[in-house]
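Asker: Structure below; questions to follow.
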Amino acid sequence: MNCFVCVTSVPDTASVIKIGSDGKNIDESGIKWIVSPFDEYALEEALQLTEAKGGEVTAVTYGPARSEAALRDCLARGAHKAVHVIGGEATLGDSFTIAKVLAKALDGREYDLILCGNMGVGTDCAQVGPMLAELLGIPHVANVTKLDVGDGSLTAGREVEGGQETVESPVPALITCQKGLNEPRYAALKGIMAAKRKPVDKIEVASLGIDEGTGSTYTVRSLELPPPKSEGTIIQGEDDPAGAAAQLVNLLRSEAKAI
């Protein structure tokens with residue numbers, strides 16, 4: 001069971017985001033970069049499958065030099081190999097270009113499954129996985145929360161409105177992983193030390209025959225932070241609960257327009 005896991009490097013969800021000087025990117029100074037949380041479910045599922053069935057897990061990322069840290073994290077958790085397609089500075093949110101690059105990087109490689117996170121935290125497009133599958137000409141199942149892989153086929157479960165849907169597919173296939181599929185493991189110290197010595201296969205995006213600056217289907221015109229939240233209204237109700245309740249109802253009706 002050979003699995004490729006596509007991961008992306010994103011700002012830590014606790015980071016304070018600032019807009020860069022060009023107004024089209026974030027200011028990366030002081031940002032801690034991590035594996036996108038949804039990609040952790042994909043990696044964990046691949047590790048569990050290969051531990052049960054044998055085979056290898058290869059982590060793949062497309063991004064600038066700093067993205068290697070995400071691959072080292074994957075290696076520390078148990079991935080056997082890593083591939084880094086270097087580039088991506090001009091493809092913020094451009095799902096189709098990202099999918100094209102990954103498809104070229106995976107072309108000709110042998111795999112049973114390709115696993116991706118449901119979406120990359122930050123852009124939240126949820127498009128790269130399905131686009132990648134279409135470019136590779138393999139079936140895909142999105143938003144998977146349960147997976148069973150047999151000989152030549154898989155059965156995947158996913159939540160839909162009002163219930164659970166079960167999908168069967170032949171393999172090779174691509175799945176995108178949703179929260180609830182598993183519980184991602186942490187990297188142990190032994191794994192972290194071993195990951196520092198493991199090689200990372202580095203590929204320049206230009207060597208794949210792709211020009212990042214042309215054919216984009218997505219362009220960032222500008223970025224802006226959401227407006228600051230106004231201070232909330234504190235209702236003192238210790239001495240007059242009934243009056244506080246009446247004040248709350250009035251505020252919900254007149255200001256919040258909630259009732």
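Asker: What accessible area, in Å² to the nearest ten, does a 1.4 Å probe give for Thr13?
Answerer: 100 Å²
Asker: Another question, then. Would you list Lys81, Lys146 from the most to the least accessible area, probe 1.4 Å? Let's see the in-between values first.
Answerer: On the way: Lys81 100, Lys146 140 Å².
Reading off the accessible areas and sorting them downward yields Lys146, Lys81.
Asker: Find the relative contact order for region 1-104 and round it to a whole percent, using C-alpha pairs within less than 8 Å whose residues are 6+ positions apart. Before the final figure, lay out each step's value.
Answerer: Values: 161 pairs, mean separation 30.4, N = 104.
Answer for region 1-104 is 29 percent.
Asker: Determine, for each peptide in 20-26, 129-135, the mean count of other beta carbons within 10 angstrom over its residues, then list the peptides with the highest first.
Answerer: Numbers: 20-26: 12.0, 129-135: 20.4.
So the order, starting with the most tightly packed, is 129-135, 20-26.
Asker: Would you grab the residues whose amide H sits under 5 Å from the one on His140? Only those 5+ places off in sequence or on another chain, please, with H modelled 1.01 Å from N.
Answerer: Here Leu174 satisfy the definition.
Asker: Continuing with this model, one more query. As a test of the formula, what do you get for the chain when each DSSP H run with n ≥ 4 contributes -39,500 (n - 2.57) and the sum is divided by the residue count, at 222 nm and rounded to the nearest 500 deg cm²/dmol? Display every interim value, and only then the final one.
Answerer: Working: 6 runs with 69 residues, N = 259.
Only helices count here, giving -8000 deg cm²/dmol.
Asker: Please report the carbon-and-sulfur percent of the accessible area for the chain; probe 1.4 Å, protein heavy atoms only, DNA, RNA and ligands left out. Walk me through the numbers on the way to the answer.
Answerer: Working: 7390 of 14570 Å².
Carbon and sulfur atoms account for 51 percent of the accessible area of the chain.
Asker: Right, next: According to the square roots a ≥ b ≥ c of the eigenvalues of the Cα gyration tensor, what is the shape class of region 140-214, taking rounded for a/c under 1.5, prolate for a/b larger than b/c otherwise, and oblate for the remainder?
Answerer: Working: a/c = 2.22, a/b = 1.38, b/c = 1.61.
Cα axes put region 140-214 in the oblate bin.
Asker: Helix 95-106 versus the longest principal axis of the chain: what angle, 0 to 90°, nearest 10, using Cα atoms?
Answerer: With rounding to tens, the tilt is 30 degrees.
Asker: Continuing with the same structure: Can you tell me the convex hull volume per residue for region 175-221, based on C-alpha atoms, in Å³ to the nearest whole number?
Answerer: On the way: hull volume 10.1 nm³, N = 47.
Convex hull volume per residue, Cα atoms: 214 Å³.
Asker: Taking every pair of Cα atoms in region 105-170, average 1/r, invert it to obtain the Kirkwood radius, and report Rg/Rh to two decimals.
Answerer: For region 105-170, the value is 0.98.
Asker: For Tyr111, Tyr218, what's the largest-to-smallest order of accessible area, 1.4 Å probe? Present the calculation step by step, with values, prior to reporting the outcome.
Answerer: Working: Tyr111 40, Tyr218 100 Å².
Ranked from most to least accessible, the order is Tyr218, Tyr111.
Asker: Using Cα-only point scatterers and the Debye equation, what is log10 of I(q)/I(0) for the chain at each q in 0.07, 0.10, 0.14 Å⁻¹, rounded to two decimals?
Answerer: -0.32, -0.58, -0.95
Asker: On average, how much area does the Cα convex hull of region 133-177 cover when viewed from any direction, in nm²?
Answerer: Working: hull surface 12.2 nm².
Result: 3.0 nm².
Asker: Compute, for Val160, the solvent-accessible surface of its heavy atoms (probe 1.4 Å) with the complete set of protein chains present, and express it in square angstrom to the nearest 10.
Answerer: Per-residue accessible area (Val160): approximately 60 Å².
Asker: Which three numbers, in whole Å and largest first, are the semi-axes of the equivalent ellipsoid of region 111-259 derived from its Cα gyration tensor as √(5λ)? Walk me through the intermediate numbers first.
Answerer: Numbers: eigenvalues 409, 119, 87 Å².
Three semi-axes, in Å: 45, 24, 21.
Asker: Under 13 Å from the Cα of Lys202, which aspartates and glutamates turn up, not counting those fewer than eight places away in the same chain?
Answerer: By straight Cα distance, Lys202 reaches Glu68.
Asker: Order the following by accessible area, largest value first: Glu231, Glu183, Glu204. Probe radius 1.4 Å; ligands, DNA and RNA are ignored. Don't skip to the end; give the middle numbers.
Answerer: Working: Glu231 170, Glu183 150, Glu204 105 Å².
Largest to smallest exposure gives the sequence Glu231, Glu183, Glu204.
Asker: What angle do you read, to the nearest 10 degrees and between 0 and 90, between the alpha-carbon axis of helix 241-254 and the longest principal axis of the chain?
Answerer: Taking the Cα atoms of the chain, the angle to 241-254 is about 60 degrees.
Asker: Let me ask another. Please compare each pair in Lys18/Lys179; Lys18/Lys100; Lys53/Lys190; Lys32/Lys53; Lys229/Lys257; Lys18/Lys196 to a cut-off of 26 Å on the Cα-Cα distance and tell me which ones are over it.
Answerer: Details: Lys18/Lys179 28 Å; Lys18/Lys100 29 Å; Lys53/Lys190 23 Å; Lys32/Lys53 35 Å; Lys229/Lys257 17 Å; Lys18/Lys196 31 Å.
With Cα atoms farther than 26 Å apart: Lys18/Lys179; Lys18/Lys100; Lys32/Lys53; Lys18/Lys196.
Asker: I need the per residue convex hull volume for region 1-90, using only the alpha carbons, in cubic angstrom as a whole number.
Answerer: Details: hull volume 7.9 nm³, N = 90.
Dividing the Cα hull volume of region 1-90 by its residues yields 88 Å³.
Asker: Quick one: among Pro170, Pro184, Pro227, which has the greatest mean-square fluctuation in a GNM of the chain with alpha-carbon springs under 10 angstrom?
Answerer: For the chain, modelled as a Gaussian network with Cα springs under 10 Å, the answer is Pro227.
Asker: Using every alpha carbon pair in region 48-183, what percent of pairs falls into each 10 Å bin from 0 up to the bin containing the largest distance?
Answerer: Over region 48-183, the share of Cα pairs per 10 Å bin runs 11, 41, 38, 9, 0 percent.
Asker: Oh, and also: Taking the Cα-to-Cβ direction at Lys146 and at Leu225 and moving 7 Å from each Cα, how far apart do the two end points lie in nm?
Answerer: Once both label points are built, they end up 4.4 nm from each other.
Asker: So, one more: Report His80's accessible area, 1.4 Å probe, all protein chains in place, as a number in Å² to the nearest 10.
Answerer: 80 Å²
Asker: For region 39-123, with equal point scatterers placed on the C-alpha atoms only and solvent neglected, what are the log10 I(q)/I(0) values from the Debye formula at q = 0.21, 0.22, 0.26 1/Å, to two decimals?
Answerer: Normalising to I(0) and taking log10 leaves -1.11, -1.21, -1.56.
The values are calculated or read from the model by the stated rules, or taken from the named source; none is laboratory data. Values in this document were obtained by computation on a predicted structure and should not be read as measured data. Cβ atoms come from the backbone with ideal geometry, glycine included; neighbour counts cover every protein chain shown. Note: areas computed on protein heavy atoms with side chains; ligands, DNA, RNA excluded. Shrake-Rupley method; radii C 1.70, N 1.55, O 1.52, S 1.80 Å.
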